[in-house]
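Beneath this line is the structure, given in structure tokens, with notes to follow.
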Amino acid sequence: MNQTLSSSTPTSLSPESTRLDTEAQSSIGNSMDTETDSITASETSVSKGSRSGRLPGDLAMWIFILAELTAFALLFSIYAVNRALYPDIFAEGQAGLDITSGLANTLALLSSSYFVARAVTSVEHGNNRKGFYELLAAIGMGAVYLVIKILEYKHSIELGYDITTNVFYQYYYLLTAFHFLHVILGMIILAFVAIKTRKKAYTPDSIMGLESGACYWHMVDLLWLILFPLVYVLH
Amino acid sequence: MDNSNLNHAEIEPANSRSAKTLMPSYKVSTILWLLMLALTCASAYFAEQPSLTMNLVMAVLLITAIKAAMIVDYFMNLRGAPRFWRILLMTYVPAVSLVITATFAIDLS
Amino acid sequence: MKFQSQAVAMPYFIAAIGLFLGQILFGLIMGLQYVMGDFLFPEIPFNVARMVHTNLLIVWVLFGFMGSAYYLIPEESQTELFSPKLALALFWIFLVAGALTIVGYLAVPYATLAEITGNDLLPTMGREFLEQPTITKIGIVIVALGFLFNLGMTVLKGRKTVISMVLMIGLVGLAVMFLFSFYNPHNLVLDKMFWWYTVHLWVEGVWELILGAILAFVLIKITGVDREVIEKWLYMIIAMALITGILGTGHHYFWIGTPDYWQLLGSVFSALEPIPFFMMTLFAFNMINKRRREHPNKAAALWAMGTGVMAFLGAGVWGFLHTLSPVNYYTHGTQITAAHGHMAFYGAYAMIVMTMISYAMPNIRGRIANSRQAQVIEMWGFWLMTVSMVFITLFLTGAGILQVWLQRFSDNPQGFMAVQSQIEVFYWMRELSGVIFLIGLAVYIYSFFAKGDEVTVDNAATASA
Amino acid sequence: MSETFTKTMARNIFYGGSLFFILVFLGLSFHTTRVLPERDHRENINEDVILGKKLWEDNNCIGCHTLMGEGAYFAPELANVYDRFGKNKEAIKAFIKSRPANGIPGRRSMPQFNFSEEELEALAEFLKWTSEIDDGNWPPNIQG
């Protein structure tokens with residue numbers, strides 16, 4: 001029985017019982033008794049054959065990614081509609097943004113995605129140490145993004161622009177801050193996954209947790225790829 | 001199904017190496033990375049243009065779509081994933097770009 | 001029923017259905033008052049009937065949740081309940097406190113009730129759904145603490161499964177959110193802002209955890225599908241529920257004075273709130289299709305699937321109908337809201353309690369499932385109630401659309417009372433559906449007494465190898 | 001379609017996702033409480049407004065009326081009743097005072113609460129304060 005050790009926070013909270021759960025009075029077939037569930041801490045994952053290729057990472061993470069993508073798609077569309085409704089406020093607001101910091105942020109996130117991709121490649125070849133350092137580099141680039149973004153916010157707040165200033169700044173702050181928080185969540189996931197990579201929890205055969213974390217981080221980068229032109233470039 | 005160990009029926013190694021497509025090699029990743037950096041700088045250059053024309057909007061969004069396709073296919077490694085997921089992720093950025101282009105079209109016309 | 005202490009759920013279920021009947025009777029009174037304005041005036045004015053209707057609803061669903069928990073936790077933890085005596089004591093305290101409150105609403109004018117119960121010391125009365133006197137609220141907190149203590153001790157000394165964990169998180173969340181009903185500031189905007197913690201974060205937050213846990217439990221029992229699969233999906237459903245539901249609170253912060261960014265966040269995240277209900281419907285149907293045993297209790301399976309569908313329709317679809325702020329600007333505070341309220345509450349919470357009752361009651365009464373005749377009658381009750389609720393919702397939606405058209409959306413809007421008289425035809429049809437709902441409930445109650453050859457031996461031969 | 005779907009990951013998504021959105025919600029709610037003062041003009045909350053809200057609650061007005069769209073849908077919306085009555089508190093007080101004790105035959109009617117003069121003034125003041133809250137200029141028109 002294969003041992004998929006994806007990210008396993010202490011499972012004291014809910015050791016998964018993996019017995020077929022009948023709990024009916026009678027027993028099934030000739031199994032000795034249905035009642036005493038042997039609590040096996042192992043985590044078995046059902047994977048039906050892999051003829052049609054395999055989704056990297058965990059389906060649970062992908063459902064989370066799809067939900068986030070849907071939420072942001074709605075946010076982007078509403079932003080775009082409001083930009084069309086109030087072109088002058090948005091034009092004036094966008095002019096106030098610093099394109100270079102936007103560009104730097106995009107380059108930082110692209111590079112961190114690159115490092116994460118390298119890390120997954122490394123672990124696939126069994127080189128966990130190299131993968132660990134690449135993940136650290138990715139987190140570092142993420143930190144660069146955070147710093148640039150905080151400076152940007154400080155600058156525009158000093159100019160007196162707040163989330164309630166006008167319709168542009170309401171959308172600007174809401175969209176970018178919401179993405180900012182997702183970068184932080186992504187970095188926490190990357191740190192978590194990096195520690196497990198360091199502890200050799202991932203092997204070329206069991207890499208699902210790392211792939212899930214990587215896919216989440218690439219999604220965060222994907223969102224910024226749309227945000228950058230939408231907010232900074234197109235005005 | 002009456003084996004005493006009543007775990008799930010078909011158990012096989014979740015993702016044995018052969019079963020899944022591997023990540024792109026370092027070289028491929030690096031090339032894609034540099035290409036994306038270049039594309040980003042190009043689209044930033046567009047921002048310097050004085051006036052915003054429709055084809056400028058579409059050019060920038062096209063660049064974004066290309067970058068997104070690279071990330072989804074290579075970095076997220078969906079090249080070997082089931083078609084449903086690959087199509088879903090690949091059409092995400094074009095779909096959002098379409099909506100954005102529409103809002104620009106309506107506004108400019 | 002594996003543990004004797006699970007029998008303590010029976011009084012809770014009986015009380016729940018009894019209060020449910022009371023709720024529907026007062027619902028019919030109010031329905032008639034909508035069309036005959038002076039019906040029972042001034043003996044039972046509309047506001048008193050409404051208080052009784054809404055408070056009975058919340059109390060009977062809480063009784064249902066408690067009964068379900070008392071049945072579910074011992075079986076999940078595979079140990080006897082910590083203290084059945086405490087459970088019974090709390091039952092009587094809660095029932096008496098509830099009954100006294102309802103009598104208080106009916107017997108004396110509300111202002112006098114406020115005076116008698118010393119509301120001036122800590123004023124918490126007079127807010128929708130939280131009209132109970134402060135002493136009753138304190139009683140509810142005491143009952144909740146005793147209830148959680150009783151269950152907590154049972155879980156601690158027994159097996160911890162995902163279902164019992166999720167149920168406990170839901171119940172503790174319910175208790176914590178109720179504490180906000182004690183916060184009643186002088187500033188109406190702050191009052192409303194935190195009032196929604198007790199209302200929204202209940203029904204679109206922690207109650208969805210309770211709903212998911214009970215549905216998962218019943219599905220494991222009647223389908224025999226592997227616990228691993230069911231608990232995995234349970235986690236995903238409640239993850240989506242909280243992820244969309246928490247920021248979904250924003251759709252109540254559109255027009256109460258809170259800043260405008262709530263209109264964006266509230267619309268986007270509440271637009272995603274139907275996702276967990278849609279997943280729950282898929283979950284119920286998938287598990288029943290992939291069932292590995294033919295459980296004789298067909299009625300419980302019907303209830304489980306019905307809960308999924310009606311919760312998605314009522315809370316999901318009808319909720320989405322008026323959750324986007326540009327739409328809500330016109331439909332806020334109209335009959336559209338009432339339509340959503342009816343089908344959502346019945347589809348999600350009334351039905352999950354009846355699902356659990358349908359599964360647990362036969363076990364408590366010493367049989368695997370009721371007789372075929374009893375189950376057929378129960379299914380008649382299910383269909384009569386569910387279909388008449390759909391009609392109530394359709395008629396109220398019709399009334400709401402006409403109301404919005406005449407009173408909100410038109411260039412020369414008409415007055416409230418003028419519009420009410422023009423939508424009276426919908427109110428008559430809604431009242432008729434309400435009567436049919438009462439008939440359905442009567443049929444459902446009768447199904448418990450129907451005679452027939454009960455199923456006492458479990459044919460748990462697994463359906464598929 | 002083959003994919004792996006483990007309960008541990010689903011559990012982590014549940015705890016991580018919920019915690020993340022709880023923190024975002026708390027942050028925004030905190031910001032809202034900071035921004036509210038200039039939107040709800042709390043500086044105008046005087047003794048009368050406080051007594052008016054207490055009377056509003058003690059007589060369960062929310063059992064028939066909606067206030068800012070929330071409540072029962074049996075009687076008119078009252079968040080803008082002050083404007084609807086021509087910004088005239090006396091008109092509101094007269095209306096409440098003139099409710100017939102045993103109602104109007106064949107029609108919905110408001111009970112007679114026998115308020116004193118001060119209580120009527122307090123209620124009218126509360127409704128006036130409520131109408132001045134910056135609520136995204138809801139309701140859409142004077143009819144409410």
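Test of understanding: among C:295, C:332, C:342, C:252, which residue is of a type outside the set (Val, Ile, Thr) and at pLDDT below 95?
C:295
Can you find a residue in region A:127-141 that is over 27 Å from residue B:35 (Cβ atoms), more than 10 Å from chain B (Cβ to nearest Cβ) and surrounded by fewer than 18 Cβ atoms within 10 Å (Cβ to Cβ)? For region A:127-141, residues over 27 Å from residue B:35 (Cβ atoms), more than 10 Å from chain B (Cβ to nearest Cβ) and surrounded by fewer than 18 Cβ atoms within 10 Å (Cβ to Cβ): present.
Within region A:152-189, the set of residues being free of Cβ contacts under 8 Å to residues at least 60 places away in the same chain, more than 22 Å from residue A:226 (Cβ to Cβ) and away from chain C (no Cβ under 14 Å) comprises A:154, A:155, A:157, A:158, A:160, A:188.
Cβ-Cβ distances below 8 Å connect the following pairs, each with a first residue in region D:115-144 that is more than 10 Å from chain C (Cβ to nearest Cβ), a second residue that is crowded, with 20+ Cβ neighbours inside 10 Å and part of a loop (DSSP other than H, G, I, E, B), and a separation of six or more residues or different chains: D:127/D:78; D:131/D:79; D:131/D:80.
Are any of the residues in region C:57-73 assigned to a helix (DSSP H, G or I), of a type outside the set (Gly, Ala, Ser) and within 12 Å of another protein chain (Cβ to nearest Cβ)? The answer is yes, given that some residue of region C:57-73 is assigned to a helix (DSSP H, G or I), of a type outside the set (Gly, Ala, Ser) and within 12 Å of another protein chain (Cβ to nearest Cβ). Name the single residue, out of those in region C:230-262 being facing another protein chain (nearest Cβ under 7 Å), more than 25 Å from the chain's Cα centre (by Cα) and not charged (D, E, K, R), that is surrounded by the most Cβ atoms within 10 Å (Cβ to Cβ). Residue satisfying both the conditions and the ranking: C:258.
The single residue among C:371, C:358 that is farther than 30 Å from residue D:143 by Cα, hydroxyl-bearing (Ser, Thr, Tyr) and touching a helix residue (DSSP H, G or I) at 6+ places or on another chain (Cβ under 6 Å) turns out to be C:358.
Does residue A:199 count as on the phi < 0 side of the Ramachandran plot and more than 14 Å from chain B (Cβ to nearest Cβ)? Taking the combined requirement at face value, the residue satisfies it.
Taken over region C:370-416, the criterion of being farther than 18 Å from residue C:328 by Cα, within 14 Å of chain D (Cβ to nearest Cβ) and in contact with a Leu (Cβ under 8 Å, 6 or more places away or on another chain) is satisfied by C:414 alone.
Sort out which residues of region C:62-100 are more than 22 Å from residue C:154 (Cα to Cα) and surrounded by 24 or more Cβ atoms within 10 Å (Cβ to Cβ), and write them in order of number. Scanning region C:62-100 gives a single hit, C:98.
Have a look at C:219, C:190, C:156, C:171 and point out the one that is crowded, with 22+ Cβ neighbours inside 10 Å, within 14 Å of another protein chain (Cβ to nearest Cβ) and among the aliphatic types (A, V, I, L, M).
Checking each option against the conditions leaves just C:219.
Residues that are more than 21 Å from the chain's Cα centre (by Cα), of a type in the set (S, T, N, Q) and either surrounded by fewer than 24 Cβ atoms within 10 Å (Cβ to Cβ) or modelled with pLDDT under 95 (or both): does region C:195-211 have at least one? No; the residues of region C:195-211 include none that is more than 21 Å from the chain's Cα centre (by Cα), of a type in the set (S, T, N, Q) and either surrounded by fewer than 24 Cβ atoms within 10 Å (Cβ to Cβ) or modelled with pLDDT under 95 (or both). Among the residues of region A:189-235, just one is in a loop (DSSP other than H, G, I, E, B) and small (Gly, Ala, Ser), namely A:201.
The values are calculated or read from the model by the stated rules, or taken from the named source; none is laboratory data. Values in this document were obtained by computation on a predicted structure and should not be read as measured data. Positions of Cβ are backbone-derived with ideal geometry, glycine not excepted, and every protein chain shown enters the neighbour counts.
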